[in-house]
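The values are calculated or read from the model by the stated rules, or taken from the named source; none is laboratory data. Since we're looking at a predicted model, the values are computed, not measured. Glycine also receives a Cβ, built like all others from the backbone with ideal geometry; neighbour counts cover every protein chain displayed. Areas reflect the complete protein model, heavy atoms only, side chains present, ligands, DNA and RNA absent. Shrake-Rupley method; radii C 1.70, N 1.55, O 1.52, S 1.80 Å.
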Amino acid sequence: MAEANHPIDKVRHLQRQLYLAAKRSPRRRFHALYDRIARRDVLERAWDQVRANRGAAGIDGETISEVEAYGVARMLDELQGQLEGHRYRATPVRRVYLLKADGRSRRPLGIPRVRDRIVQAAARLVLEPIFEASFKGCSYGFRPKRSALQAVQAVRQGINTGHHWVVEVDIRGFFDNVDHELLLKLVARRVSDRRVLKLIRLWLGAGVMESGEVRPSVVGVPQGGVISPLLANIYLHALDAVGEEKAAALGQLVRYADDMVVPCTTEEAADAAWRWLVGMLKGLKLEAHPEKTRGVGLADGTQGFDFLGFHFRRLPGWRNRRRWSAWNWPSRRAMRSIRARIRETTAPRNRLHTSVEDIVKELNPVVRGWGAYFKGPGSARQMAQIDHYVRQRLALFVRKKHHLQRTPWELCRDLEWQRRIGIYRLSVAISA
């Protein structure tokens, strides 16, 4: 098959054409999008994405492996036929709860069935380029070629260019309180295809199954839905657009999904930005958490704030104490989170049959991934702390495994032993 006819290339060409058309005409409303969502090549690309992400089964219990055993082509034929025949119906999502980084509270997650995830992924492939053409530069979450670390860098740059007051914003239960009708109106600003709007309404109103009972969805967007991040960005785009207009007077908004901060130049600007944000969120039928939305003064280095897992503070440099700049390192919550994962992986309960080398092989990707996100010039102390904690946990594991009377803490200083079992170190590489 010629490369130009490859399904992925056709989908990319479609996305490019939609993006350029939306960019050329910011007020254009797009029709005939439903037929593109139902295209076989778009559904195949959507399946590839869903399969790559794996994920758990929905309420029907069907897994990725079971779909493959059933026959991917057969399943896609059925989905395409349902879409083209307007017989597709969304099923309720399966409610599960994930433990938050604080180790106490839980975050609700809604898992759609695999087939619903495929149709949602197809819709996102078609809709995302249209809305991407309008999204603002201050938004970094769940967008192509954008990342949390770029948002972190934007905050650092703002602080280093004189924005020594920061308003940190916490939206109370954002995903659980998105207003369906307002969201559909915002989508309809760029999409006139009623069949697509009906699809989105189906997903929003599909309901939630928990403990065997289905509850209707009146408000909210389920965290876990493939299309939910895009819908969240569409909903908060109004905040970005007005914030961009007011950036000179108030400060530059930096947003990652529902996490946001506004670096400001003065305390007065921070107060004005706080009032503006509270008012804007009220207009979106959302509420700023009164205890977690605040202004922070960074000038003297006594205060800081958390954003995207980092703690930010303005401090003097190590070499030049007269030169102050923005520093960031893993927040206390991020440190608690990685310690909890290390503790879980190295817990001797029911694992004493496992070799310490196998424990290290399981632990290394966790530590390496965490370090890849948080490692930086301001994080050296935290990296060393996590390295030390890993060694302590492994020493405790060795004691339990070999029924020793005391913990062999000397292993924490034994570089040869650490090299032999292959411990990945965040701070200092172990020489062979």
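For Ala299, work out the one condition from (1) in contact with a Lys or Arg (Cβ under 8 Å, 6 or more places away or on another chain); (2) of a type outside the set (Ser, Thr, Tyr); (3) open to solvent by 40 Å² or more (accessible area, probe 1.4 Å); (4) assigned to a strand (DSSP E or B) it doesn't fulfil.
(4)
Considering Gly207, Gly225, which residue is at positive phi and out of contact with any Cys (no Cβ under 6 Å at 6 or more places or on another chain)?
Details: Gly225 fails: at positive phi.
Among Gly207, Gly225, only Gly207 is at positive phi and out of contact with any Cys (no Cβ under 6 Å at 6 or more places or on another chain).
Take the residues in segment 272-296 that are touching a Lys or Arg at 6+ places or on another chain (Cβ under 7 Å) and in a loop (DSSP other than H, G, I, E, B), then tell me which one is nearest to Gly158 (Cα to Cα).
That would be His289.
Could you grab the pairs with beta carbons closer than 9 Å, sequence gap of 6+ or different chains, first residue in segment 69-91 and closer than 15 Å to Val196 by Cα, second one among the aromatic types (Phe, Trp, Tyr) and surrounded by 11 or more Cβ atoms within 10 Å (Cβ to Cβ)?
Gln82/Tyr88; Leu83/Tyr34; Ala90/Trp203
Looking at (1) assigned to a helix (DSSP H, G or I); (2) over 17 Å from Ala206 (Cβ atoms); (3) out of contact with any strand residue (DSSP E or B) (no Cβ under 7 Å at 6 or more places or on another chain), which one does Arg115 not meet, given that it meets all the others?
Every listed condition holds for Arg115 apart from (2).
Tell me which residues, restricted to segment 256-274, are surrounded by fewer than 20 Cβ atoms within 10 Å (Cβ to Cβ) and within 25 Å of the chain's Cα centre (by Cα).
Correct list: Asp258 only.
Out of segment 203-222, which residues are at pLDDT 90 or above and open to solvent by less than 40 Å² (accessible area, probe 1.4 Å)?
Trp203, Leu204, Ala206, Gly207, Val208, Gly220, Val221
Show me the helices (runs of 4 or more DSSP H) found entirely inside segment 337-432 where at least 1 residues are surrounded by 12 or more Cβ atoms within 10 Å (Cβ to Cβ) and among the small types (Gly, Ala, Ser).
Correct list: 356-374, 380-401.
Of the residues Leu277, Leu231, Leu253, only one is within 16 Å of the chain's Cα centre (by Cα), open to solvent by less than 20 Å² (accessible area, probe 1.4 Å) and either among the hydrophobic types (A, V, I, L, M, F, W, C) or closer than 19 Å to Arg124 by Cα (or both); which? It would help to see each step written out before you state the result.
On the way: Leu277 fails: within 16 Å of the chain's Cα centre (by Cα); Leu253 fails: within 16 Å of the chain's Cα centre (by Cα).
One residue alone meets the criteria, Leu231.
Condition first: in a loop (DSSP other than H, G, I, E, B) and open to solvent by less than 70 Å² (accessible area, probe 1.4 Å). Now tell me which residues in segment 323-336 satisfy that.
Within segment 323-336, just Ser331 meets the criteria.
Which one is farthest from Glu168 (Cα to Cα) among residues in segment 237-264 that are among the β-branched types (Val, Ile, Thr) and at pLDDT 95 or above?
Top of the filtered list is Val254.
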